[in-house]
Structure formats: structure tokens, C-alpha cells
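Notes to accompany the following structure.
The values are calculated or read from the model by the stated rules, or taken from the named source; none is laboratory data. Here the structure is a predicted model, which means the values were calculated and not measured. Note that each Cβ is placed from the backbone with ideal geometry, even for glycine, and that neighbours are counted across all protein chains shown.
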Amino acid sequence: MKKKLISLFLCAFGAIGAVSYGLFAKTSVDEVKPVLATSHPANFDLYAYSGNYYDGISGTGDSLRSALTTKIHPTSVPTYSGKGSGTLAEHLQKADEDPTNSSNMIYLYTRDSVKKNAAGSWNREHVWPQSLSNNCWGQGRAGADLLHIRPTYNTTNSTRSNDLYGEVSGGSTRVYNGITYGYSSGGYFMPLDSVKGDVARICMYVWVAYHDEYLTRLPALTKVFQSMDVLMTWHLQDKPDVMEGRRNNYAEASIQHNRNPFVDHPEYAWKIFGNQLSQSVYNQAVATYPESGYTPTPGGGGDVTPAANGCGGNVATTSITLSAIALVGATTLFVKEITKKKKEN
């Protein structure tokens, strides 16, 4: 009797282990192939937008968010896989072209200039990791949007893993090919100062552009950032540069026909997300990116409520649920065996 019950529990907890491993195991990434790379200045010149793409866009909080969502939701996106026409491999070589060398492209985290190649030696980086998106992104729509995906070395991508973006003190220094590209500690990754604003603006873009497509299933920005204060501070400290402006120009002329509004109008960030910031960061944001003729609301200018988790279900919650089901099953079998034994006696 005891041996039979032990076996039942071992089977149940074995199922729990299998479920957990299947949900949380990382996919291996091939080592990067050698490519020609040259050093590059850490940052580019600052960028200022002067077009009319946003004519008619106004407001604050969710009204501004809604208008932008309608405006910037992409018409179409490239094909994620492959190396031919219409693929991310083709588009990113153009969108991330080195402004000083048309034969090269700029990688995101390392900021080095690398000879163009058809994705045989670089990774299509989900700046907002798929594993932190409640399985929303995938390899289509937001998961193949060229204003979201950036080229990186395979190794820097796998080392960065799915850590949240956040401030790191001490921790591990991340180096590739002699280039320091960030710091990691306690589940957080902090890129170079010249990259911090880029990732903040990309994540805000993804959240706004796909808000209505995923509705309440869309994960909050704090699923990928340590806090909204950190996100906004990075947006303030590392201002939009000409490389981001070039990417916007390319995206608008491409099959997507859209732009990242937080590159062109950095003040939109505090106008939408102001109520999620501390007073000090909000004040700093308004001072850094002021809007002529606009008087900000004391205590915050936005009224956007972070969306709930969803889009296929939170991975951790799913794991716990399946594990609980396995445990309940084991308990039920245990009770049945006890009842059966009593009847036999």
C-alpha cells in the first residue's frame, strides 16, 4: 500500500517538474560567427523632428495614447524569418545602416559598426523580450516590427537573456569582443548610457502601437522595466539621436508606414505616462521636454492605467496552475486508495 501511494506521488510531482521545465527552459543560441566590426562613437548627434506626420494629434493621457495608437499601428510588418526580400534581415540592414559607412550596420547594445550580412551572424533582438510579453509578440506583428526589433550579436542577446531593464550597481560587467555593453545583477540588465533612451522609447512605442490589438491582454511596461521612473529617467538622460530619426524615416517609407512618436515628440512620454511617475521624475520630464503653451497638471499629466496581464496567460501563473492540477490529482488518488483499503478491511 505505502509503495503504491509513494509511486503515485512521485508520478504527480514528476509531472510538475516536466511542466515547469517545459515552460521555463531557455532555448540555446548558436555562437556568433566572426564578422568585420569597427569601433564607433558611443552616441550620435541629437535629433529634432520637423515633419507633419502628427498633425491633428493632441491631448494628454489616454486620449493622446488612443490617437497615437490609431496613427502608428503599422500597416504591415516584415517577415521575421529568412534572408530574402521583405524579411527583417533585409530591412534591418537598411534601417540600422551606419550613417558614416553604407557598407555597415550598427548593432544595438555594443553600438559597433559591423559589415552588412544577411543575418547569418546576428540576432533579431526583441528589445521587449518575448518571454516578458505574456507570449504576445511571437514572430509576427509586434514580434516582427522593425521599430521594435534591433540587430545584436547572438552572444550579447543570450547573455542579456530576459532580464528586466533597470539600474544596476556593481554586478557583472558585460563585455563582447572587448566592448563593454552593459551590466547585470539581480535579474536586471543596464545597457550603455547611449542605449538607455533607445530601449525606453522602443518599449513605449510597442505598448502604444499595439495597445488596441491586445487590449487588456497587453502587459504593463513594468513587465519589462524595473519601474516607470527608471524608464522615464533613461528617456530623459539619453535623448533621441539621428540614428533613431533615420530608423523612423525608413519605417515610414517602408511597408509599415509608421513612426515611433517618442523619438519625434519625446514630450509625449510624460503627457501619456505622467500619472505613473514620482513627482520629482515628472517635474524633470516636463523641464527636459517642455511643450510650448502647455501647462502640465500638478502631480502628473497622464491618466493611463497599466493593462492587466494576459495574451495567452502569464507563464508563471500557468506553471503554478498546472502544477496545482497535478497535485490535486495525486491527492485524489491518495484518498481513493485509503477508501478502498478501508472497504477491504
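Descriptive notes on the structure:
- Criterion: modelled with pLDDT of 95 or more and within 22 Å of N52 (Cβ to Cβ) - qualifying residue of N275, N249: N249
- Filtered by the rule that a residue be surrounded by fewer than 22 Cβ atoms within 10 Å (Cβ to Cβ) and polar (S, T, N, Q), the stretch 234-255 gives Q237, N249, S254.
- Only one of T110, T75, T70, T155 that is buried (at least 22 other Cβ atoms within 10 Å of the Cβ) and either outside the structural domain of P219 (by TED's automatic domain parsing) or β-branched (V, I, T) (or both): T110
- Qualifying residue in the stretch 165-181 (condition: buried (at least 18 other Cβ atoms within 10 Å of the Cβ), within 12 Å of the chain's Cα centre (by Cα) and outside any helix (DSSP H, G or I)): yes
- Test: A89 is within 18 Å of V206 (Cα to Cα) and surrounded by 15 or more Cβ atoms within 10 Å (Cβ to Cβ): no
- Count of the stretch 236-262 residues which are without any contact (Cβ under 8 Å) to a residue 40 or more places away in the chain and either of a type in the set (D, E, K, R) or closer than 23 Å to A287 by Cβ (or both): 0
- Only a single criterion out of (1) among the hydrophobic types (A, V, I, L, M, F, W, C); (2) crowded, with 23+ Cβ neighbours inside 10 Å; (3) under 15 Å from A95 (Cβ atoms) is not satisfied by L231, namely (3).
- Across the stretch 52-66, a minimum of one residue is classified as of a type in the set (A, V, I, L, M) and within 24 Å of L236 (Cα to Cα).
- Scanning the stretch 92-134 for residues that are at pLDDT 90 or above, among the hydrophobic types (A, V, I, L, M, F, W, C) and closer than 23 Å to V242 by Cβ yields a count of 7.
- Check on R111, basic (K, R), part of a loop (DSSP other than H, G, I, E, B), touching a Ser or Thr at 6+ places or on another chain (Cβ under 9 Å) and touching a residue at least 12 places away in the same chain (Cβ under 8 Å): yes
- Only residues that are more than 19 Å from R150 (Cβ to Cβ) and in a loop (DSSP other than H, G, I, E, B) were counted across the stretch 193-246, and they come to 5.
- Residues that are modelled with pLDDT under 95 and touching a Pro at 6+ places or on another chain (Cβ under 9 Å), drawn from the stretch 61-86: G86
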